[in-house]
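Take a look at the structure below.
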Amino acid sequence: YSDYDCDGIPGAVIIHDLLRKIGYENFEVYIPDRHDEGYGLNHDAIVSFVEKKVSLLITIDLGSSDVEDVEYAQANGIDVIITDHHLPPPILPRAFAIVNPKVPGSQYPDPMLCGAGVMFKLAQGFLGKYGDFFNVKKGWEKWLLDMAGLATLSDMVPLRNENRVIASYGLRVLRKSPRPGIQMMLRKLAINQSHLTEDDVAFMITPRINAASRMDSPMRAFELLSTTDETEAGVLVNHLEKINKDRKALVAQIMKTAYARLEERELRDVIVIGDPDWRVGVLGLVAGKLVEEYKRPAFVWGREGANGRVLLKGSCRSDGSVNIVELMRALPESFVDVGGHELAGGFSTTDDNIHLLEEKLSEAYQTYKRVNDKVTGHDAFIALSQISEETNTILEKLAPFGCENPKPIFAINAVTLLSARQFGKEKNHLEIIVEDGGRKKKGIAFFASEEGFGVKLSAGDKVSLVGTLEKSYFLNRPELRMRIIDITTS
């Protein structure tokens, strides 16, 4: 029983592949519908498991907060093994076992694993103990690292300690993964599998996996990642591509409304905004965009039925200035249910509570906010001549980049602009060519224009750049370039 996002679904693929590998077929994968059942264990689903005489329920990326549903399952003959990574509540479910490195008293050395990371460690431990009995070749579990790495890069967990190892080796396996779903998706996106990067995962693969639960059924994403049939994979890739486009259009529509409403009111330290007609499945994306735009935590809600109740449900994101789950748990009277981790979460509340929620969260924020210790600006000045294979090789040793291991940001001063143009089907990306001492280099900024940087660019201008270095393999043409964060003119 897994969560419906790009952490729970890869975790479900891990245990699916493990059980198939040892020849055990008497199992089903169950992923709840995001809109009809909501996050966590669904009581009606548990009732149906009791009727089917299920004897063991294993959760993936959920369950630590589901005290009543676990109690019901255990009382009706279903042992529950919880595997999860979310912050547990003060009272833990009385499950057969809880595998969660954040449980108080846990001595596991890295409490920041994602849900699929926890499931990978369970698989690794199982094979370490029983692998010989089932004739599983030592080291086979490395082929599960593609799913553990995909989830680790997708779920906003810190890329430090064991997560750094899982993400790094996960990328290596993804570059060789024999899964038809991965291969067909990368082909569709014109991404060279052997040069797959963490950015490809975060910005291309993850949104399409998550689109399944946001716009359709999460089982479509599970089927894509677990299938061994190329024809089925091709059909599923095309389907996810279509609903991902639908998802983009829906988010753009909601964002337009949200921006208009926020312009009409005074902003507090925490944003709370919503509409009964907003589709709950996409509100995490909306919250993330609001955080990026307004540099403060954001809570976005819609109306949704789950477990026989109609509630206001939504998603929240932090800008890093506060632990979003701690902030919600400081106001138990304002929420029906909360969950998540430091930077991202979900919540349920009522019509009576929503009106004062922004005010109460903003007041609590004053107590729980952290001193801002984020690094701003750039990490180092470099010359245009230092955008080289040698520099890139050094930077690759620091990868993969992501949460708490950001890409180094470089500044380049006073180079000559040779050209600037908009490119892409909708002409919504910016490309510039700059020159210094006879060396020419390209810089790009996706979904950007000159106006977005507050400059007017003309050939011959002296410009200064801030950005990161990246190596593109688009259309199998290796190209070292700068990903632009800011441009100024002299």
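So which of K407, K456, K425, K441 ends up being assigned to a strand (DSSP E or B) and not small (G, A, S)?
Values: K407 fails: assigned to a strand (DSSP E or B); K456 fails: assigned to a strand (DSSP E or B); K425 fails: assigned to a strand (DSSP E or B).
Among K407, K456, K425, K441, only K441 is assigned to a strand (DSSP E or B) and not small (G, A, S).
Determine which member of the set R279, R317, R261 is touching a helix residue (DSSP H, G or I) at 6+ places or on another chain (Cβ under 7 Å), within 23 Å of N353 (Cα to Cα), free of Cβ contacts under 8 Å to residues at least 40 places away in the same chain and charged (D, E, K, R). Don't jump to the end; show me each part of the working.
Numbers: R279 fails: free of Cβ contacts under 8 Å to residues at least 40 places away in the same chain; R261 fails: touching a helix residue (DSSP H, G or I) at 6+ places or on another chain (Cβ under 7 Å).
R317 is the lone residue from the list that is touching a helix residue (DSSP H, G or I) at 6+ places or on another chain (Cβ under 7 Å), within 23 Å of N353 (Cα to Cα), free of Cβ contacts under 8 Å to residues at least 40 places away in the same chain and charged (D, E, K, R).
Note down all Cβ pairs under 6 Å where the first residue falls in the range 1-23 and is in a loop (DSSP other than H, G, I, E, B) and at pLDDT 95 or above, the second is hydrophobic (A, V, I, L, M, F, W, C) and open to solvent by 30 Å² or more (accessible area, probe 1.4 Å), and they're at least six residues apart or on different chains.
Taking only residues 6 or more apart or on different chains, the pairs are I22/F134.
Which condition breaks for A233 when tested against (1) more than 23 Å from V157 (Cβ to Cβ); (2) in contact with a strand residue (DSSP E or B) (Cβ under 9 Å, 6 or more places away or on another chain); (3) crowded, with 21+ Cβ neighbours inside 10 Å?
Answer for A233: the failing condition is (2).
Step by step: first the residues of the range 320-340, then only those that are open to solvent by 20 Å² or more (accessible area, probe 1.4 Å) and either part of a strand (DSSP E or B) or at pLDDT below 90 (or both), then the one that is farthest from L113 (Cα to Cα). Which residue is that?
This residue is D337.
Given F410, F447, which one is in contact with a His (Cβ under 8 Å, 6 or more places away or on another chain) and surrounded by fewer than 16 Cβ atoms within 10 Å (Cβ to Cβ)?
F447
Inside the range 152-206, can you point out the residues that are more than 22 Å from G320 (Cβ to Cβ) and of a type in the set (K, R)?
R172, R175, K176, R179, R187, K188 - these are the residues of the range 152-206 that are more than 22 Å from G320 (Cβ to Cβ) and of a type in the set (K, R).
How many residues are in contact with a strand residue (DSSP E or B) (Cβ under 7 Å, 6 or more places away or on another chain) and either of a type in the set (A, V, I, L, M) or not in a helix (DSSP H, G or I) (or both) if we restrict to the range 244-261?
1
Filter the range 343-362 down to the residues that are in contact (Cβ under 8 Å) with a residue 40 or more places away in the chain and charged (D, E, K, R), then identify the one that is least open to solvent (accessible area, probe 1.4 Å).
This residue is E358.
Is it true that some residue in the range 54-70 is part of a loop (DSSP other than H, G, I, E, B), open to solvent by 50 Å² or more (accessible area, probe 1.4 Å), over 30 Å from R279 (Cα atoms) and touching a strand residue (DSSP E or B) at 6+ places or on another chain (Cβ under 9 Å)?
Start the filter on the range 54-70 by keeping residues that are part of a loop (DSSP other than H, G, I, E, B), which leaves 54-55, 61-66.
The next check asks that each one be open to solvent by 50 Å² or more (accessible area, probe 1.4 Å); those that pass are 55, 65.
Next, from what is left, pick out any that are over 30 Å from R279 (Cα atoms): 55.
From the residues that got through so far, the ones that are touching a strand residue (DSSP E or B) at 6+ places or on another chain (Cβ under 9 Å) too are 55.
Yes, the range 54-70 has at least one match.
Of the numbered conditions (1) part of a helix (DSSP H, G or I); (2) open to solvent by less than 10 Å² (accessible area, probe 1.4 Å); (3) under 30 Å from V165 (Cα atoms), V80 satisfies every one except a single condition; which is it?
V80 satisfies every listed condition except (1).
For residues that are part of a helix (DSSP H, G or I) and free of Cβ contacts under 8 Å to residues at least 40 places away in the same chain, scanning just the range 188-211, find the one that is least open to solvent (accessible area, probe 1.4 Å). Before you say what the answer is, go through the steps one by one.
In the first step, residues of the range 188-211 are kept if they are part of a helix (DSSP H, G or I); the result is 188, 193-195, 198-211.
Applying the additional criterion that residues be free of Cβ contacts under 8 Å to residues at least 40 places away in the same chain yields 193-194, 200, 203-204, 208, 211.
Values: Q193: 37, S194: 67, D200: 35, F203: 133, M204: 60, R208: 16, A211: 0 Å².
Among residues in the range 188-211 that are part of a helix (DSSP H, G or I) and free of Cβ contacts under 8 Å to residues at least 40 places away in the same chain, the one least open to solvent (accessible area, probe 1.4 Å) is A211.
Could you list all residues from the range 459-487 that are in a strand (DSSP E or B) and open to solvent by 70 Å² or more (accessible area, probe 1.4 Å)?
Correct list: K462, I485.
Residues that are farther than 20 Å from F447 by Cα and open to solvent by less than 20 Å² (accessible area, probe 1.4 Å): does the range 289-298 have at least one?
Yes: one or more hits.
Which of the residues that make up the range 212-230 are part of a loop (DSSP other than H, G, I, E, B) and either surrounded by fewer than 17 Cβ atoms within 10 Å (Cβ to Cβ) or in contact (Cβ under 8 Å) with a residue 60 or more places away in the chain (or both)?
S217, P218, T228, D229
The values are calculated or read from the model by the stated rules, or taken from the named source; none is laboratory data. Here the structure is a predicted model, which is why all the values come from computation and not from measurement. Positions of Cβ are generated from backbone atoms using ideal geometry, with glycine treated the same way; all protein chains shown enter the neighbour counts. Surface areas here come from the heavy atoms of the whole protein model, side chains and all, with no ligands, DNA or RNA. Shrake-Rupley method; radii C 1.70, N 1.55, O 1.52, S 1.80 Å.
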